[in-house]
Amino acid sequence: QVHLVESGGGLVQPGGSLRLSCAASGSVFRIGAMGWYRQTPGKQRELVAEITSGGTTNYAEFVKGRFTISRDNAKNTVYLQMNSLKPEDTAVYYCYKDQFGLNYWGQGTQVTVSS
């Protein structure tokens with residue numbers, strides 16, 4: 001089993017920044033992508049960004065140029081640096097890890113962008 005714990009969410013004003021962290025523990029292997037999805041009430045969960053164990057990244061169009069995903073394989077941790085936040089970025093952000101074809105999810109962390 002793999003256990004994921006997110007941190008770093010909160011309330012921020014438009015134009016501000018937040019950094020999310022997600023630490024994996026348990027039977028963790030360095031292979032497999034890690035990343036972030038987000039979800040708002042009444043909508044499907046959508047991909048925000050993901051990163052392979054080799055460092056290849058993939059971003060949703062709506063965050064390109066504003067968010068940066070990174071990964072520390074030694075710490076089994078993935079980060080999401082979010083800059084120039086907009087009210088429409090308000091959502092619950094979920095971390096995931098793919099391992100041997102199975103996706104593991106964190107419990108989610110709330111990000112609210114509001115003045």
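Quick one: in the stretch 73-87, which of the residues that are of a type in the set (A, V, I, L, M, F, W, C) and in contact (Cβ under 8 Å) with a residue 12 or more places away in the chain is surrounded by the fewest Cβ atoms within 10 Å (Cβ to Cβ)?
Leu85
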Of the residues Leu20, Leu11, which single one is among the hydrophobic types (A, V, I, L, M, F, W, C) and open to solvent by less than 20 Å² (accessible area, probe 1.4 Å)? Leu20
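For the stretch 1-96, give me every one of the strands (runs of 3 or more DSSP E) that falls completely inside it and has 2 or more residues that are of a type in the set (Phe, Trp, Tyr) and out of contact with any Gly (no Cβ under 7 Å at 6 or more places or on another chain).
Values: elements: 2-7, 10-12, 18-26, 34-39, 46-51, 57-59, 67-72, 77-82.
Filter on the stretch 1-96 gives 34-39.
Here is a yes/no grid of residues against (1) in contact with a Leu (Cβ under 8 Å, 6 or more places away or on another chain); (2) open to solvent by 60 Å² or more (accessible area, probe 1.4 Å); (3) of a type in the set (Val, Ile, Thr):
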site: Ile31; (1), (2), (3): no, yes, yes
site: Gly42; (1), (2), (3): no, yes, no
site: Ala49; (1), (2), (3): yes, no, no
site: Ala60; (1), (2), (3): yes, no, no
site: Thr68; (1), (2), (3): yes, yes, yes
site: Asp89; (1), (2), (3): no, no, no
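The values are calculated or read from the model by the stated rules, or taken from the named source; none is laboratory data. Keep in mind the model is a prediction, meaning the values are calculated, not measured. Cβ atoms come from the backbone with ideal geometry, glycine included; neighbour counts cover every protein chain shown. We work out accessible area using only protein heavy atoms, side chains counted, and drop any ligands, DNA or RNA first. Shrake-Rupley method; radii C 1.70, N 1.55, O 1.52, S 1.80 Å.
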